[in-house]
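Worksheet for the structure shown next.
The numbers here are math on the coordinates, done by the rules we state, and not lab data. Because the structure is predicted, anything quoted here is derived from the model rather than measured. As a convention, Cβ positions derive from the backbone with ideal geometry for all residues, glycine included, and neighbour counts pool all protein chains shown.
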C-alpha cells in the first residue's frame, strides 16, 4: 500500500510541477548504505537579479528591475548514504522560467521585456551532512540534558543547472533565444529537532544564481545577456513528516534571497 501511495504521489507531482530554487529537501540523512528515491516540486514567487552585461547594448541604455518572477521545477531525487551522517544525491527533471526587466535611457523607461522559456532539462548534485547530539561526545557526557537527544545540526551543499530555448517580448517586438542557461548553488547550514513523526528545521544559506542568455547574431538588440542574483543571504524553514517506516514528506519555505516554497516526498529502500 505504501508503494502505491508513493507512486501515486510521483505521478501527481510530475503532472502538476511547481519551480526553480534549490530546496534543502529534508533535515535527516539516510544512514550508511541506504538509498531513497523521491520527487521534489517547488514554486518560486520572486527572485531579484542584477543585470551584469550585454553585447550590443545601445549607448546610454541601462537594464534595471530584473527578476525571475515565476519559475517551475520538478525533479527526481536519488540519495545514497555514504556514511550514517553523510548523503550524496543527484537530481534530474525539468524546469521553466519567466524573466522580466526594464530598459532606461537618461532616467526614462524606454522598454519593458519578458523572456519565457520552454520546459528544459535540469540536473544537479549535492551533499548533506548531519551531526546528531545523541551520538559521540554528547551521548557520553554526564552533563548532557535529555532534550539534546532529539536535536541535530546539518549542512546542505547543492548545485543545479538547466538549459532552455526561450522567447523574449519587448514592447511589440519578439526575439527567440537559442540558449537560456540557469545555474544555482548554495551552502545551507541548519538546526533541527525531532518531535515524534515531525522534524522541523531552520537555517540560513548563501546562494547564487547566474543566468546566461544567447541569441542568434543577426537578432539585433544584444547577443549575450548575463544576470546574477541580487541577494545572496537568505533564511529557510521547513519540516519533515514520517509516514510509516519508509515514506517521508517535506514542506519548506525560503525567504530574503528568494521567495519560494517546496514540497517533496521520498521513499527509502
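Return the FRET efficiency for the residue pair residue 69, residue 197: r is the Cβ-Cβ distance, R0 is 35 Å, and the value is rounded to the nearest 0.05. That pair, residue 69 with residue 197, gives E of 0.45. Compared with the alpha-carbon gap, the fully stretched path from residue 269 to residue 181 is longer by 28.3 nm at 0.36 nm per residue. In plain terms, the chain from residue 246 to residue 231 could stretch by 1.7 nm, reckoned as 0.36 nm per residue minus the Cα-Cα distance. Spin-label pair residue 204-residue 167: with each label point 7 Å from Cα along the Cα-Cβ axis, the two points sit 4.4 nm from one another. Between residue 35 and residue 123, full extension at 0.36 nm per residue minus the direct alpha carbon distance yields a gain of 29.8 nm. Remark: spin-label model distance residue 83-residue 104 equals 5.1 nm, labels positioned 7 Å along the Cα→Cβ axis.
Of 245, 169, how do they rank once you tally other Cβ atoms within 10 Å and put the fewest first? Could the numbers behind the result be given before it?
Values: 245 7, 169 13.
Ordered from fewest to most neighbouring Cβ atoms within 10 Å, 245, 169 come out as 245, 169.
In this simple spin-label approximation, residue 48 and residue 153 carry label points 7 Å from Cα along the Cα→Cβ vector, and these lie 3.0 nm apart.
Can you work out D for the range 58-97 in µm² s⁻¹ from Stokes-Einstein, where Rh is the Kirkwood radius over C-alpha pairs, the temperature is 20 °C and the viscosity is 1.002 mPa s?
In µm²/s, the coefficient is 153.
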